[in-house]
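For reference, the structure discussed in these notes is given below.
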Amino acid sequence: MNFRELDTSNGVKAAESSFRTKVVLAREIPWNGFASSNSITSEQYNLISKYDKHTNAEKKEKFAANSQSYVNFFVNFINSTSNIEIIQYLLTLINEIIEIDPRAAGAFSKVTKDDDNSYPYSVFFKLLNREDAYTNLHASIALAQIMCAGKPTQNDVESFFNWILKLLRKNNSSEVEVGLIALQSLLLKDDFRIFFNNLEGSALLLNILQAQSSSSVNIQLLYETIYAIWLLTYNKDIAAAYSGTGLVANLVQLVKTVAKEKIVRLSLSTLRNLLNNGNSNEEMIDNGFVRMLNILNIKKWGDDDIPADIEVLINGLAKDIDNMSSFNKYKTEIISGELEWTPVHKSERFWKENISKFEENNYQVIKHLHQILKTSQSTPLQLSIACHDLGEFVRHHNRGKAIIDYLQIKPDIMGMMTNPNEEVKKQALFALQKMMLNNWEYLNAK
């Protein structure tokens, strides 16, 4: 099976599920024929005939009673056959029993072979290179879970991660998804999180996330990527290292713009993991996340995890907000774009004490005010406050008019004079008057 031949519009997992149910599990493997030809022993036939095509409860009971015999049978048969249909079928049974009873992964990790120190991992490694997407996917899932339960060598772990990293760098989204799905099982173990991070995998996941955030969104690929990052951020050092990379801004933007509840849930859970690590709290506040949380907090959610995460994030950021200076609170309001006539806008003391801070980060706040004027979606309230604050900047900064002219903001303020809203026109006029007054004071000083 090649994923290019299937409908993967809903993601690899949906395509795999359909193929598994309709094709793989519908097969009748001729175990009786294998026994007749002595390809398997009578004991093995008895073992598999009591297991195959039975209920999950029966499979769990049979496996638990004779786990090593089943493990040896599954792994050794896969290792000895070249029949792709039987390989697919047995891989499906392996992943099925691990899902039914996760302790089964430990049983698979204990199987050995005298002439192969990498056994059973080597069996699954061979399957990763087969020209069959279903086999690649199921072999990688099984390998990841068995590695987590066992004690693989560093060479085996590194080989598997390199295989995953190669897929994550592919242009084909289905291949990237396969890599992400395999990776997620590995990242349940902290040692593997550290190993993956040391291979610069954390940065690669961020690149995949940012590519999705800036183009037409592939929801399932986005989900699998955030899921992997969420697992990574359970390691505090990795969570702190994500500070300043843009991850927080990307996740906040996804919460604001993507309607899918599963994306919102995972984004919030990841932000919860990032809370109190590095400068993540400050980044959340700077990106207007607090106001967004207050909006999300009044919505009805189908997933109970979402309200719980929202509550933790609101409470976690409250202390940081209380400790913020008046300018930082103001900056947060401007950058978030959700402006209100809070007292600082008309406080003479605020402008006199903080005017030099408007120069920070190459006039970041001034540029955000300008962007509000240029954005067609800005409300009359946003436009009025932006015009007012730009006028106050000119009035209090000794080079205010020159800076406004250099940043080419004045034409957009003048454009507000034709706005149909009277308050917007009034604030634009006041801002222009302040610029003229500033200019006269400058000429008089000369």
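The values are calculated or read from the model by the stated rules, or taken from the named source; none is laboratory data. This one's a predicted model, so the numbers in the text were calculated from it and none came from an experiment. Cβ sites come from the backbone with ideal geometry, for glycine too, and all protein chains shown count toward neighbours. Calculation scope for accessible area: heavy atoms of the full protein, side chains included, ligands and nucleic acids excluded. Shrake-Rupley method; radii C 1.70, N 1.55, O 1.52, S 1.80 Å.
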**Request:** Would you pull out the residues with amide H under 5 Å of Lys113's amide H, same chain only if 5 or more places away, H placed 1.01 Å from N?
**Result:** Tyr119
**Item:** Dmax and Rg, reported as Rg then Dmax, of the stretch 196-303 (C-alpha, Å)
**Value:** 13.1, 41
**Request:** With viscosity set to 0.692 mPa s and temperature to 37 °C, compute the Stokes-Einstein D of the stretch 292-446, Rh being the Kirkwood radius across alpha carbon pairs; µm²/s, no decimals.
**Result:** 192
**Request:** Just check the stretch 18-111 against the gyration tensor rule for me: Cα atoms, a ≥ b ≥ c as the square roots of the eigenvalues, rounded for a/c under 1.5, and otherwise prolate or oblate depending on whether a/b exceeds b/c.
**Result:** rounded
**Prompt:** With point charges of +1 on the Cβ of Lys and Arg and -1 on the Cβ of Asp and Glu, referenced to the Cα centre of the stretch 36-118, which listed residue (Leu91, Leu47, Asn76) lies farthest in the positive direction of the dipole?
**Reply:** Leu47
**Message:** Given contacts defined as C-alpha pairs under 8 Å and at least six residues apart, what's the relative contact order of the chain, whole-number percent?
**Reply:** 8
**Complete:** Length-normalised contact order of the stretch 1-108, Cα under 8 Å, at least 6 apart, in percent, tallies to 23
**Message:** Sorting check: for 174-184, 14-24, which peptide has the highest mean count of neighbouring beta carbons within 10 Å, and how do the rest follow?
**Reply:** 174-184, 14-24
**Item:** Solvent-accessible area, 1.4 Å probe, carbon plus sulfur percent, for the stretch 169-275
**Value:** 46
**Prompt:** How would you classify the stretch 332-388 from its alpha-carbon gyration tensor, with a ≥ b ≥ c the square roots of the eigenvalues: rounded for a/c under 1.5, else prolate if a/b is greater than b/c, otherwise oblate?
**Reply:** oblate
**Asked** Among 125-137, 86-98, how do they line up from the highest to the lowest mean number of other beta-carbon atoms within 10 Å?
**Response** 86-98, 125-137
**Asked** Considering only Cα-Cα distances, which of the following residue pairs are longer than 18 Å: Lys189/Lys260; Lys166/Lys260; Lys151/Lys189?
**Response** Lys189/Lys260; Lys166/Lys260
**Asked** In whole Hz, what ³J(HN,Hα) sequence does the stretch 130-141 give by Karplus (6.51, -1.76, 1.60; θ = phi - 60°), x for Gly and Pro?
**Response** 5, 7, 8, 5, 5, 5, 4, 5, 5, 5, 5, 5
**Request:** Starting at the first residue of the stretch 248-256, write each ³J(HN,Hα) from the Karplus equation 6.51 cos²θ - 1.76 cosθ + 1.60 with θ = phi - 60°, in whole Hz, x for Gly and Pro.
**Result:** 4, 4, 5, 5, 4, 5, 5, 4, 6
**DSSP-loop trypsin sites (Lys or Arg not before Pro) across the stretch 283-313, with at most 13 other Cβ within 10 angstrom** = Lys299, Lys300
**Complete:** In terms of the alpha carbon gyration tensor, root eigenvalues a ≥ b ≥ c, rounded if a/c is under 1.5 and otherwise prolate when a/b exceeds b/c or oblate, the stretch 64-131 is oblate
**Fill in**
From the Cα centre of the stretch 16-59 to that of the stretch 219-243, the distance in Å is 38
**Calculated [θ] (222 nm, deg cm²/dmol) that DSSP helices of n ≥ 4 give over the chain, each run adding -39,500 (n - 2.57)** = -21500 deg cm²/dmol
**Request:** Give the relative contact order (percent, whole number) for the stretch 190-262; include only Cα pairs under 8 Å separated by 6+ residues.
**Result:** 36
**Whole-Hz couplings from phi, Karplus 6.51/-1.76/1.60, listed for the stretch 75-84; x for Gly and Pro** = 5, 5, 5, 4, 5, 9, 10, 10, 6, 5
**Request:** Using a 10 Å cut-off on Cβ atoms, rank the peptides 59-65, 249-255 from the highest mean neighbour count down.
**Result:** 249-255, 59-65
**Fill in**
Among Lys262/Lys357; Lys60/Lys110; Lys62/Lys113; Lys331/Lys425; Lys256/Lys319; Lys13/Lys256, the pairs whose Cα-Cα distance exceeds 28 Å are Lys262/Lys357
**Request:** Provide, as a two-decimal number, the C-alpha radius of gyration of the chain over 2.2 N^0.38 Å, N being how many residues it has.
**Result:** 1.34
